Structures are given as structure tokens and as C-alpha cells.
Ligand SMILES: C[S@@+](CC[C@H](N)C(=O)[O-])C[C@H]1O[C@@H](n2cnc3c(N)ncnc32)[C@H](O)[C@@H]1O
């Protein structure tokens, strides 16, 4: 099962996806959602268009925007989805302040990210190569502690799973799960 398949079908109601990229998650949303609003600062990535959005079984809107400044009303989303994007967002504090502003009080944050590995030797490697990786990888960080970031920014993680995906260990340790506002 693909990582995306483990998390995206859990989205319900009015949904916001942050950092949609070229839309790789779109095929995994179900009819349990009413509307999907997808944001990304890169129009260039979105224009690669992996999915024909006219065929989606729910309302869909794409907006050019950053997580740090989301063009949405307070408490407007039931689910916020973020995949492989917390590694890149420059101002996480501001992004989470926006996420908390626009999420309904009983809403959920679904996440699937790569980040800090549990093994010391992999962590050391991640820390050494991170500055170069970040430069060549569009701002992507290898060594962010994803659960700590989520918890430190006002969320409680109710479900968390982790594993190394097959491949290069410094970039393959995955965290995925569900979080609710504290
Ligand atoms: C590795 S891609 C992941 C794309 C997609 N979420 C996926 O899972 O395939 C990282 C994405 O984060 C977006 N991004 C970078 N900075 C961002 C920010 N400040 N706010 C929201 N998205 C951002 C990039 O444009 C890019 O689409």
C-alpha cells in the first residue's frame, strides 16, 4: 500500500490540502468529502497536473498560497491534509497558527511526512548533509522531528505510525497519522 493511501481516505467534509504540489494525493480522496481546496505556492508544480480535476467526485479549487498565509475564513475546514510538505515550509510557527485558525474545533490534521530518523548513525548523516540537501532540494529538510513539531504547535497526535520506506535511509523515514487541536 502506498503511503498516501494510508492517510488520504481518512479525510472527510470540507478539506484543505496544504502544499498540493502536482496533485499526487488527489486520486486517494473518497466521496466522503464535500469540497477539496488545495493550496501551493508553486503554480509551476500544479501545472504538471497529474489528475484531471474535472473528473473528481467532489468540488475542487486550487489556490496559489503558502501555509503561512492561508486565504480562508476562521474555523472553515473539517480536515487539513499535509504530505511531504512540513519538511519544506520555512515558517512552521506561522503555518501552524494559520492551520489552527482555519480548522474547526473538532477538526483533524492528517499528515504523512519524512523526517528525523530514529537511528543515531542515520541522524548524524541527515544533519551533515542537510545544508546541501536543502539547497538542491527546494528548501526540503531531512532532519525535522515531525511529531515534535506537530505537538509543539498546539496539536495532540492521536494516531502515529512510522517506518523506513525502501530506499535511501536519510530521506526515507516516514511519519504518518492524525492530530487534533489541544
Ligand atoms: C515535496 S513537495 C510535496 C507535494 C505533495 N504534497 C505531495 O505529497 O506530493 C513539497 C511541496 O511543498 C510546497 N511548499 C513549499 N513551501 C510551502 C509553503 N510555505 N506553504 C505551502 N506549501 C509549500 C512546494 O511547492 C511543494 O509543492
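The values are calculated or read from the model by the stated rules, or taken from the named source; none is laboratory data. The model shown is predicted, which means the values in this text are computed figures rather than measured ones. Don't worry about glycine lacking a Cβ; one is built from the backbone with ideal geometry, like all the others, and counts go over all protein chains shown.
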Give me the residue from the range 84-96 that is farther than 12 Å from residue 18 by Cβ and in contact (Cβ under 8 Å) with a residue 40 or more places away in the chain and, out of that set, farthest from the ligand (Cβ to nearest atom).
93
Of (1) within 20 Å of residue 155 (Cβ to Cβ); (2) touching a helix residue (DSSP H, G or I) at 6+ places or on another chain (Cβ under 7 Å), residue 40 fails just (1)
Residue list for the range 170-182, restricted to those being surrounded by fewer than 17 Cβ atoms within 10 Å (Cβ to Cβ) and under 12 Å from residue 114 (Cα atoms)
172
Cross-chain or 6+ apart pairs with Cβ under 6 Å, the range 32-57 first and closer than 19 Å to residue 81 by Cβ, then at pLDDT below 95 and more than 16 Å from the ligand (Cβ to nearest atom)
57/31
If we keep only residues of the range 11-65 that are at positive phi and either outside any strand (DSSP E or B) or buried (at least 17 other Cβ atoms within 10 Å of the Cβ) (or both), then the residue farthest from the ligand (Cβ to nearest atom) is 49
Can you pull out the residues in the range 66-77 that are out of contact with any strand residue (DSSP E or B) (no Cβ under 8 Å at 6 or more places or on another chain), within 12 Å of the ligand (Cβ to nearest atom) and in a loop (DSSP other than H, G, I, E, B)?
68
Suppose the filter is over 22 Å from residue 81 (Cβ atoms) and surrounded by fewer than 16 Cβ atoms within 10 Å (Cβ to Cβ); does residue 127 pass it?
yes
Complete set of residues in the range 66-80 that are closer than 22 Å to residue 137 by Cα and buried (at least 21 other Cβ atoms within 10 Å of the Cβ):
67
